[in-house]
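The structure appears right after this line, and notes come after that.
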Amino acid sequence: MNREHFGELAAKGRKNLHAHGAVHRAYKRAGGPRRPERFFAPFRGQFFFGCALVVFLAAGSPGFAANRLADAASPYLRQHADDPVDWQPWNDDTLARARRENRPVFLSSGYSTCHWCHVMRRETFSRADVAAFLNEHFIPVKLDREERPDIDRIYLAFVAGTTGRGGWPLNVWLTPDLKPFLGGTYYPPEDQPGQPGFLTVARVAAEGWARDREKVAAHADRIAAALASLAGAAGPDQRSGRSGAATIDNAAWSAAAAQLFEEFDPEHGGFGRDAKFPHASKIRFLFRFAVQPGVPAGEAARAREVAFASLEALTGGGLRDHLGGGFHRYTVDRGWRLPHFEKMLYDQALVAGLLVDAYQLSGDTRRFDLLRETLAFVEAALTSPDGAFYAALDAESALPGAAEGDKAEGAFYTWSLDEITAALPPDEAALVIARYGFTAEGNATSLEERAGVLHNRNVLVPASSAAATAVTKAPGAAEKLSRALDRLRAIRSTRQPPARDEKIITAWNGYMISALARAHQVTGESRWLDLATRAATHLWQTAWNGKTATLRRIAAPGGGDGFAEDYAAFIQGLLDLYEAGFDPRWLDRALALQATLDTRFADPAPASAGGGGYFGTAAGASGVLVRMKEDFDGAEPAASSLAADNLRRLAVFTGDAAYEHRARAVLAAFAPQHRRAPAAMPVLLAAAFGLAEGAKPRQIVIAGRAGADDTRALLAEARRRFQPFATILLADGASGDWLAQRNEAVAAMRSADGQATAFVCENFACDAPVSDPAALGRLLDRGQR
């Protein structure tokens, strides 16, 4: 494998290795955070990892008929419809055929905007010799990991555990009963030093199955048993013998913060010393840790410093699209300069949530401007005519002037030096070249991981040198740079845009609804409330099946069963939407979703026996080797992490303590995980702030007419502060009646003398009501950091 391929894959593998709960449990139980392969050591070094053959390229043939993916709903599957490989979808018929014919399955999992998935399709799966071999010896199956994250997680855990890396494309060979025995991520088309080519690996799998099937099956059985042992929650602590019934307390929060302080990159910001990801869950936790009562002042100050420095790095560097808004998936380098260019909806939503937090905490209008830019990008580029949100934009598109179908990563976003000088007046071109470090060779060529990949292309990311910064301080430079960027923006709009994956993924829409609702709460921007309401309405109409009380993964007919994260993220969005507009129907719907989540996904076993929390897949799902339970908040929060906070909030809204008891049970289930890996679940840890012993989360009840000036004034004062565990409720004629029927404390709260009145309570023990916003502000400031 050449160095730019290897560098990025290694970085992606290390990050994904830490982003999946099953692998995290495996390497923690093996005895250390940096040796995940030890858990699966008995399965490494076997005959199927040691073969080396020579593979000769053969030209692909145009004579193959389309396979069974041509009519698939998934854009990713349709991308492979013209491959000569006889791809089958992952469904009951395909799996039954594998068992009936006793043929191993070759499973290839990816997603439509994945650059390296495209590369492997062009290099390998379009080849006639590869297709002929796969079709003869295996049942080839293509999987869209965004449609079936439950299947993908199982085999990603196996690959990361056996190879030390994970990511996509994910390529795994399975026995007919779906047990993995060989796998990896990207394979080059030919053998490379230290890296076998794809056909070499496929031949090893086929020969092993043909010549020593019993041995392969025995190994696969042991691997499946290892995966099954990882599939529960945390279980009893393997080293201390303590059960999962322990609590999460100040010591756990401080331990998590200390780990994040250690991971923090003081030179460049963010976490780690390699590729840089947004790590929204980590920054979110630190913002909350910094304001939590009882946290030592020094730790709180450090948490704030690290969180703001990391947010500044991810919004100021190459992760951000400085012309069009929005954020790319990650940068391949430590310095936040060169992105991996796909744009995912969940990243936009989670970073927007961070910007809401930062704006509340700092009052810095730059954060508000970035929030507006990000949400404007989502509205323009990722919003469907019905108001729901599309999944992603591709990393690849056609280079300007290239032949049709000739695509390159980052083509839409990058510039040659000649393009800049041709597009701009000389003074503006000189300013852009100096500010962004443009060169004839391209400003990414110094990064070894990508040398040659973006040759002669430049990424529009501010250069960090003193000279590059100084040019913007000259008189009139800011205005001149703004004009130049406007010209470049107009030129870029004429390029072929990246392809868009138009799946409406329920969980990702839930994240976006939450971000928009919270943005409205803090800024009062009605447009954002309108967007959140439209999306939630469409999602409820298309993803929720009232007859079966179940949710779809994709908001479309035949969109597949929803997973725990779909329920949990949609519930979070609906609760935030209620606090934005106080329409009680969102609370009704959140309760219906929570009921199904509890019934179909909860692990009823006690924490002391390794139970508690939520499985990703519903009970009784077919074709699932093991039901995994996420115990890591990675690119997306784990379902159990979201559910714990949702349950806490539902207890406040309804006055039903049973929800709080269930939230505490989720915390107890994962307590051993926090002892092994303190910062593994920062979203869950943040939820624990509001559930800790002695915690006094606030309820702020505004009794008044919705939309009235005095009601709005009190709401604006209540929302001005960063109070992540305060719940705001409106007791008016509609929402108030809904709450009063379920919550006796709210039923007693009425406006005074016809004026809107605020009640500030802790566990519904309330201060004297006030009607003056300034008086409300003084009550809210009391005891706050």
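Assorted remarks:
- So SER608, is it in a helix (DSSP H, G or I), touching a strand residue (DSSP E or B) at 6+ places or on another chain (Cβ under 8 Å) and either modelled with pLDDT of 95 or more or open to solvent by 30 Å² or more (accessible area, probe 1.4 Å) (or both): no
- On the stretch given as region 469-523, residues that are exposed (fewer than 14 other Cβ atoms within 10 Å of the Cβ) and of a type in the set (Gly, Ala, Ser) total 7.
- Filter result for ASP369 (open to solvent by 10 Å² or more (accessible area, probe 1.4 Å) and acidic (Asp, Glu)): yes
- Among residues of region 530-549 that are without any contact (Cβ under 8 Å) to a residue 40 or more places away in the chain, those with a beta-carbon under 6 Å from a residue that is assigned to a helix (DSSP H, G or I) and open to solvent by less than 40 Å² (accessible area, probe 1.4 Å) at least six positions away or on a different chain give the pairs ALA543/THR506.
- Residue that is nearest to ALA536 (Cα to Cα) [pool: residues in region 372-398 that are crowded, with 18+ Cβ neighbours inside 10 Å and more than 22 Å from the chain's Cα centre (by Cα)]: SER397
- ALA740 being part of a helix (DSSP H, G or I), of a type outside the set (Asp, Glu) and either modelled with pLDDT of 85 or more or on the phi > 0 side of the Ramachandran plot (or both): no
- Residues in region 548-582 that are surrounded by fewer than 24 Cβ atoms within 10 Å (Cβ to Cβ), in contact with a Lys or Arg (Cβ under 7 Å, 6 or more places away or on another chain) and assigned to a loop (DSSP other than H, G, I, E, B): 2 in all.
- Residue among GLY318, GLY298, GLY272, GLY294 that alone is in contact with a Ser or Thr (Cβ under 9 Å, 6 or more places away or on another chain) and in the same structural domain as LEU361 (by the TED database): GLY318
- For region 499-527, taking the residues that are touching a residue at least 60 places away in the same chain (Cβ under 8 Å), within 19 Å of GLU717 (Cα to Cα) and part of a helix (DSSP H, G or I), the one that is farthest from the chain's Cα centre (by Cα) is identified as THR523.
- Filtering region 175-224 to residues that are in contact with a Cys (Cβ under 8 Å, 6 or more places away or on another chain) and modelled with pLDDT under 95 leaves only PRO196.
- Here the condition is being in a helix (DSSP H, G or I) and surrounded by fewer than 16 Cβ atoms within 10 Å (Cβ to Cβ); of GLU262, GLU299, it holds for GLU262 alone.
- When region 375-413 is filtered for residues that are free of Cβ contacts under 8 Å to residues at least 12 places away in the same chain and at positive phi, the ones remaining, listed by number, are GLY401, GLY405.
- Among residues of region 641-672 being out of contact with any helix residue (DSSP H, G or I) (no Cβ under 8 Å at 6 or more places or on another chain) and closer than 17 Å to PHE689 by Cβ, the one that is most open to solvent (accessible area, probe 1.4 Å) is ARG664.
- Residues of region 460-478 satisfying the condition of being in a loop (DSSP other than H, G, I, E, B) and among the β-branched types (Val, Ile, Thr): VAL461
- Residue in region 752-773 that is modelled with pLDDT under 90, outside any strand (DSSP E or B), open to solvent by 30 Å² or more (accessible area, probe 1.4 Å) and out of contact with any strand residue (DSSP E or B) (no Cβ under 9 Å at 6 or more places or on another chain) present: yes
- Region 327-372: number of residues that are touching a residue at least 60 places away in the same chain (Cβ under 8 Å), assigned to a loop (DSSP other than H, G, I, E, B) and farther than 11 Å from PRO278 by Cβ: 8
- Residues of region 390-409 that turn out to be over 22 Å from ARG483 (Cβ atoms), touching a Lys or Arg at 6+ places or on another chain (Cβ under 7 Å) and not aromatic (Phe, Trp, Tyr), as a count: 6
The values are calculated or read from the model by the stated rules, or taken from the named source; none is laboratory data. Since the model is a prediction, treat every value here as computed from it, not as a measurement. With ideal geometry, Cβ positions are generated from the backbone for all residues, glycine too; neighbour counts draw on all protein chains shown. Protein only, heavy atoms only, side chains kept; ligands, DNA and RNA dropped before computing areas. Shrake-Rupley method; radii C 1.70, N 1.55, O 1.52, S 1.80 Å.
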